Amino acid sequence: MMGFFQGDVYPKGPYRMEHGIQRGSVLDMPMYPGDPLTPGYGATKDAKRLDIADAPTIMKIPVMPISYGDALPSLKL
C-alpha cells in the first residue's frame, strides 16, 4: 500500500498507513512549550495557573487529528 501516494508505508517504507495518525500536539508549542496553563514554568502543585480562557495556546474550537483514510470521504464530498 502507498502512504498518501508517496511511497511504501511502514514497515516496508517510511510513510504512515492509511489509518495511522500523528500523536503529537495541536498546541502552539514554539510559543509556549509544556503545560499551556503554566507557560514558561513547571506545572507544580503550587504553580500559578492561567485561566483556561486566557491560555493563548489552547484552541478555541475542538480539534482532533484524524488519518487521511478517515478524512478522504469528507474531502470527496
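Laboratory data are not the source of any read-out in this text; all were calculated from the coordinates shown. Every value quoted in this text rests on a predicted model; they were computed, and no experiment measured them. Here the Cβ positions follow ideal geometry from the backbone for every residue, glycine too, while neighbour counts run over all protein chains shown.
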Segment Val63-Met17, length gained on full extension (0.36 nm per residue, minus Cα span): 14.5 nm
Identified option (computed Cα Rg over 2.2 N^0.38 Å; candidates (1) 0.97; (2) 1.55; (3) 2.77): (2)
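Scan the chain for trypsin sites (Lys or Arg not before Pro) in coil per DSSP, keeping those whose Cβ has at most 15 other Cβ atoms within 10 Å, and list them by number. List each step's numbers first, then the result.
Values: sites: Lys12, Arg16, Arg23, Lys45, Lys48, Arg49, Lys60, Lys76; in loops: Lys12, Arg16, Arg23, Lys45, Lys48, Arg49, Lys60, Lys76.
Those that pass, being in a loop and sparsely packed, are Lys12, Arg23, Lys45, Lys48, Arg49, Lys60, Lys76.
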J(HN,Hα) series, segment 18-29, from Karplus relation 6.51 cos²θ - 1.76 cosθ + 1.60, nearest Hz, glycine and proline x: 3, 10, x, 10, 8, 9, x, 9, 9, 6, 7, 4
GNM result for the chain, Cα springs below 10 Å: residue of Asp54, Asp28, Asp46 fluctuating most strongly: Asp46
Highest-MSF residue in the chain out of Leu50, Leu27, Leu37 [GNM, Cα springs under 10 Å]: Leu50
